[in-house]
Amino acid sequence: MSTSEIKIEPLATAVAFGNDTFCVTLADGREITVPLEWFPRLRDATEEQRRNWRLIGGGVGIHWPDVDEDISVESVLALE
C-alpha cells in the first residue's frame, strides 16, 4: 500500500499595501510581504486602483481590474 502526498493550495484572504510593499494574507494565517517593485503595474497604480481588487479562483489569485493585473498566490510564494 502506498501513501500519496496531499497538496493543499495556499489561498489568499486579504491584500494590503505599504509604501513600497505588497502583502498577501493567506487562509492559514501566514502573511507574505514582497517589494512592490516586483509588480510594476501595481507599483505604478494609484492607491484607489490598488484598493480595487478581488479574489479569483476561491483565493488562488488576486485580480485588479483597473490595471488589468492578475497575480497568483503561488507566484508570490515563489518570489519570497
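The values are calculated or read from the model by the stated rules, or taken from the named source; none is laboratory data. Remember, it's a predicted structure, so these values are computed and weren't measured experimentally. Note that each Cβ is placed from the backbone with ideal geometry, even for glycine, and that neighbours are counted across all protein chains shown.
From the list T13, T33, exactly one residue is of a type outside the set (D, E, K, R), in contact (Cβ under 8 Å) with a residue 24 or more places away in the chain, surrounded by 12 or more Cβ atoms within 10 Å (Cβ to Cβ) and in a strand (DSSP E or B). Which is it?
On inspection, the qualifying residue turns out to be T13.
Is it true that E5 is free of Cβ contacts under 8 Å to residues at least 12 places away in the same chain and touching a Cys at 6+ places or on another chain (Cβ under 7 Å)?
Against the criterion (free of Cβ contacts under 8 Å to residues at least 12 places away in the same chain and touching a Cys at 6+ places or on another chain (Cβ under 7 Å)), E5 does not qualify.
Can you tell me how many residues within region 1-20 are in contact with a helix residue (DSSP H, G or I) (Cβ under 6 Å, 6 or more places away or on another chain) and either farther than 15 Å from G57 by Cα or modelled with pLDDT of 95 or more (or both)?
So the answer is 4.
Taking region 24-50, which residues are of a type outside the set (A, V, I, L, M), within 16 Å of W64 (Cβ to Cβ) and within 13 Å of the chain's Cα centre (by Cα)?
Listed by number, the residues that qualify are W38, F39, R50.
Looking only at region 57-78, filter to residues that are among the hydrophobic types (A, V, I, L, M, F, W, C) and either over 21 Å from A27 (Cβ atoms) or over 10 Å from the mean Cα position of the chain (by Cα) (or both); which one of those is surrounded by the most Cβ atoms within 10 Å (Cβ to Cβ)?
W64
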